[in-house]
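What follows is one structure encoded as structure tokens, with my remarks underneath.
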Protein chains: 2
Amino acid sequence: MSISVKGFKAASVSCGIKKSGRPDLSLIYSEVPAVASAVFTKNSVKAAPVLLSMKNSKNGCISAVVANSGNANAATGREGYKNAEKTASAVAAELPVRLGDVFVCSTGVIGVKLPVAKIIAGVKAAARRLRPEGLEEAARGIMTTDTFIKTAGAGLKLGGRKCGIFGMAKGSGMIHPDLATMLCFILTDVSISKQMLDAALRACVKESFNSITVDGDTSTNDTALCLANGMAGNKPVKSSGSGYNAFLKALSSVMVSLAKQIVRDGEGASKFLEIEVKGAADEKTARAAAMAIAKSLLVKTAAYGGDPNWGRVLSAVGNSGVKFREERIKIFFGGLKVVSGGTELKGFSEKKAHLALAEKEVRITVDLGAGKKSAKVWTCDLTEGYIKINAHYRT
Amino acid sequence: MSISVKGFKAASVSCGIKKSGRPDLSLIYSEVPAVASAVFTKNSVKAAPVLLSMKNSKNGCISAVVANSGNANAATGREGYKNAEKTASAVAAELPVRLGDVFVCSTGVIGVKLPVAKIIAGVKAAARRLRPEGLEEAARGIMTTDTFIKTAGAGLKLGGRKCGIFGMAKGSGMIHPDLATMLCFILTDVSISKQMLDAALRACVKESFNSITVDGDTSTNDTALCLANGMAGNKPVKSSGSGYNAFLKALSSVMVSLAKQIVRDGEGASKFLEIEVKGAADEKTARAAAMAIAKSLLVKTAAYGGDPNWGRVLSAVGNSGVKFREERIKIFFGGLKVVSGGTELKGFSEKKAHLALAEKEVRITVDLGAGKKSAKVWTCDLTEGYIKINAHYRT
């Protein structure tokens, strides 16, 4: 990654939560307190670290992030919350940060007591390893069923100053807006006000993590955090305008890249699916229809089998609650039109349609013929691999 | 089936829609016009026969039902509607019934032109085979991916008269309220007014077909029809009271049995799951929470693997939109309490919990600790079999 983001150090260690011995604790540190913006799961069951981090990020400033994988510290009661606090204390003991400026995350199995002694020892070890080149390593330490590291970067210039954005994410199952089962940490040296950072994060979440689904389940631990430490030295971004727009564009590219990586790594996925609904009267309609297609198990299994079963796509739109006129619908697999006027195109070639679906990256496009708005969402196919991974996750 | 239902005849034939040569056309005839009540799919894409049958059942009277399997006649445009009309005409040509009193159903692949010549020939052949003992055979003719025939019966006495109810249904994929991908025909010789039959059907649909889910998809063809021809000679049921209640109870037993059979035959299912949410402030809340659990792919795969991952159950409730206090939640697998106060019960035995989930019939119970209302829904586990069936359905 050629992107440089000033003032951040990171590391990961194996502290013994994962039986496999793989890295399971990551630490990120900003040399100066960073402006912080975060969005959290909308699941009403929120993990202990989510509750603590919601509280700690309220003042708008975070200096360190500690995240463990292999244990979600969710549904663990009061003791779980105390364990999240102990984790934060361990960080404050090792690094020159205020206790209230520590952001704590956990991801993994729900309902198992956090082995907090291991975590405290891990924090000590990680603090000693902290270094600017440690960001990739930190991305590895938050993985659970992920099969590859998810990072993305973008550079931008603000008033002549070179700035950078680096993002890391984890997640491959229990993925659905809002937010998707995931942790996402975005680090930037841009100087920006809390208000504008909040606005940018919210705008980008909508078109990235809230535009993906793997299995329709939203986890108890979902968190996306953006830290801006201002060390690029640009004139602070305090209002909308060209500087804000440049930041927004760069942030969006990082977050959309991470969101797509999560879907590509969807549990058991063999294919990446891009669903676009266009010709809608408004964007909300387009999004609802696209998400209904993306969520349909029948569409996802048809994509897996390369079966050009457009009827399932049409039926999913019919189930979306979206109003439309069937006789105006067009459906495309890749570039191939298969439905026009709500029914199979004359000369429909099953073979060609099958080939369009046989690709590793499949585009399904539905034109509602009712307007000019559109929306894109991303998902993956549903295969035996998903069943295998999730039928025996804990054992 | 020892249940006798006077005045109905039925038959099925193989008319050549299914390549396998299995029965694919069923005909049901009532010797006298029957009071008819029907509910239809809420998918906004409605198959041609659904549109025709909605129209024909409006007058409250049906004399014959014709249903083909192997082709849904959905998303087939104007020609599809004409083909449904031609099917009805074929029935009216063979039997002493009014054209407007024919109920037409189709089930199978969406978007393929109905081979109407085959259907017309099939109607002729089926009309010749009509007989009182043909009801089971008619149940076979509507099967698609079903692996067994689904029928249920109940007897009751009204004012000293012996009455019967016979029901048949098909469905195993694309199953979700409202209604479930299914066809269901219920035949009774009870004499009952249209108004009371409507009330009874609606009440029973809620606790039967709208309480099941297999894969969260609602088809374009779902239909449940109840025909009451009055040939039992009972004093007509025209208002609520003991006669209506006896009918309601018998109808409910038939419809719940059929609904459970559909779930038991869920595509790829290896287990039957009963999800009960109790301790809710109201029934709507209980139902929403139960359905959220039943729909969760993570719960369904955990059930398949016999993995007592109660965190997924709790997380699903958290995603249901239902308000509850986490610290009051109790969760049971079978009779075994695994969660109390929102967290794992002290002395939780992974082995015992695994055994509770290793059964073919699994009960998952959640007590919200917030009231006295409850709801039960039924579903099945999610296995590789579902993927296999649906990845290659058409090929």
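The numbers here are math on the coordinates, done by the rules we state, and not lab data. Predicted model only: the values in this text are computed from it and were never measured. All Cβ positions, even for glycine, are placed from backbone atoms using ideal geometry, and neighbour counts span all protein chains on display.
Between 0 and 90 degrees, the angle of helix B:116-129 with respect to the longest Cα principal axis of chain B falls at about 80 degrees. Averaging 1/r across all pairs of distinct Cα atoms in region A:274-327 and inverting the result yields a Kirkwood radius of 11.3 Å. Shielding value for A:31-37 is 0, the average number of Cβ atoms from other chains within 10 Å of each residue's Cβ.
If both residues of a DSSP beta bridge must be in region B:1-134, then about 65% of such bridges are antiparallel. Between helix A:77-94 and chain A there is an angle of about 60 degrees, using the helix long axis and the longest principal axis of the Cα atoms. Rg and Dmax of region B:72-182, both derived from C-alpha coordinates alone, stand at 16.2, 50 Å.
Annotation for residue B:82, label-to-label distances across the other copies: 7.8 nm (shortest first, one decimal, point 7 Å from Cα along Cα→Cβ). For region B:382-390, putting each phi into the Karplus relation 6.51 cos²θ - 1.76 cosθ + 1.60 with θ = phi - 60° gives couplings of 10, 10, 4, x, 4, 4, 4, 4, 8 Hz, in residue order, rounded to whole numbers and with x for Gly and Pro. Normalised by 2.2 N^0.38 Å, where N is the number of residues, the alpha-carbon radius of gyration of the protein assembly as shown equals 1.04.
Net charge dipole, the protein assembly as shown: roughly 760 debye, given to the nearest 20, about the Cα centre with Cβ charges of +1 for Lys and Arg and -1 for Asp and Glu. Using a cut-off of 19 Å between Cα atoms, the listed pairs A:46/A:295; B:206/B:260; A:162/A:249; A:346/B:18 include A:46/A:295; A:346/B:18 as exceeding that distance. Here the calculated FRET efficiency for residue B:238 and residue B:283, from their Cβ-Cβ distance with R0 = 25 Å, stands at 0.30, rounded to the nearest 0.05.
Quick check: residue separation of residue B:351 and residue B:372 times 0.36 nm, minus the Cα distance between them. What number comes out in nm?
4.4 nm
Annotation: the antiparallel percentage among DSSP beta bridges lying fully within chain B is about 70.
Considering only DSSP beta bridges with both partners in the protein assembly as shown, what is the antiparallel share in %, to the nearest 5?
Antiparallel bridges: around 70 percent, rounded to the nearest 5.
Measuring from each Cβ of chain A to the axis carrying A onto B, the nearest residue and its distance in whole Å come out as A:384, 2. Placing unit charges on the Cβ atoms of the charged side chains and taking the dipole of region A:1-153 about its Cα centre, the candidate lying farthest along the positive direction among A:100, A:134, A:7 is A:100. Sorted shortest first, the distances from the residue A:240 label point to those of the same residue in the other copies are 5.5 nm; each point sits 7 Å from Cα along Cα-to-Cβ.
Once you keep just the Cα pairs under 8 angstrom separated by 6 or more residues, what percentage relative contact order results for region B:272-391? Mind dumping the intermediate values first?
Working: 230 pairs, mean separation 55.4, N = 120.
Worked out over region B:272-391, it gives 46 percent.
Across peptide B:313-325, the average count of Cβ atoms from other chains found within 10 Å of a residue's Cβ is 5. Amide H to amide H, with H built 1.01 Å from N, residue B:70 comes under 5 Å of B:107, B:108, B:109, counting only residues 5 or more places away or on other chains. With viscosity 1.567 mPa s and temperature 4 °C, the Kirkwood radius over alpha carbon pairs of region A:101-260 converts through Stokes-Einstein to a diffusion coefficient of 78 µm²/s.
Once you reduce region A:1-27 and region A:259-286 to the center of their Cα atoms, the two points are 30 Å from each other. Based on C-alpha pairs under 8 angstrom that are at least 6 apart in sequence, region B:8-262 has a relative contact order of 24 percent. In sequence order, region B:308-317 has phi-based couplings of x, 8, 5, x, 5, 5, 4, 4, 5, 4 Hz under the Karplus curve 6.51 cos²θ - 1.76 cosθ + 1.60, θ = phi - 60°, and Gly or Pro positions carry x.
Across region A:185-243, the mean sequence separation of Cα contacts (distance under 8 Å, 6 or more residues apart), normalised by length, yields a relative contact order of 67 percent. Starting from the Cα gyration tensor of region A:1-152, take the square roots of the eigenvalues, sort them a ≥ b ≥ c, and report rounded, prolate or oblate (rounded when a/c is under 1.5, otherwise prolate if a/b is larger than b/c, else oblate). In terms of gyration-tensor shape, rounded. Only Lys, Arg, Asp and Glu carry charge here, each on its Cβ (+1 for the first two, -1 for the last two); on that basis region A:272-391 has a dipole of about 300 debye about its Cα centre.
Treating the point 7 Å from Cα along Cα-beta-carbon as the label, what are the nm separations from residue B:325 to the other copies, to one decimal? Here residue B:325 shows inter-copy label distances of 5.4 nm. Dipole check for region B:323-368: with +1 at the C-beta of Lys and Arg, -1 at the C-beta of Asp and Glu, and the Cα centre as origin, the magnitude is about 100 Debye.
In sequence order, region B:228-234 has phi-based couplings of 10, 8, x, 6, 6, x, 5 Hz under the Karplus curve 6.51 cos²θ - 1.76 cosθ + 1.60, θ = phi - 60°, and Gly or Pro positions carry x.
Comparing B:387, B:253, B:241 along the charge dipole axis of region B:240-395, the residue lying farthest to the positive side is B:241, per the Cβ-charge model. Mean projected area of the convex hull spanned by the Cα atoms of chain B, taken over all viewing directions: 19.1 nm². Rg/Rh for region B:197-324 (Cα atoms only, Rh after Kirkwood) is 1.05. Highest mean first, the peptides A:48-57, A:88-97 sorted by other C-beta atoms within 10 Å per residue fall in the order A:48-57, A:88-97.
Averaged over the residues of peptide B:40-49, the number of Cβ atoms from other protein chains lying within 10 Å of each residue's Cβ is 4.
Candidates B:334, A:316, B:204 compared by Cα position along the dipole of the protein assembly as shown: farthest toward the positive end lies B:204, with charges placed on Cβ. Take the Cα of residue A:360, step 7 Å toward its Cβ, do the same at residue B:195, and the gap between the two points is 6.7 nm. Relative to the globular-protein estimate of 2.2 N^0.38 Å, the Cα radius of gyration of region B:272-391 stands at 1.01. For the listed peptides A:129-141, B:308-320, a ranking on the average number of other beta carbons within 10 Å per residue, highest first, reads B:308-320, A:129-141.
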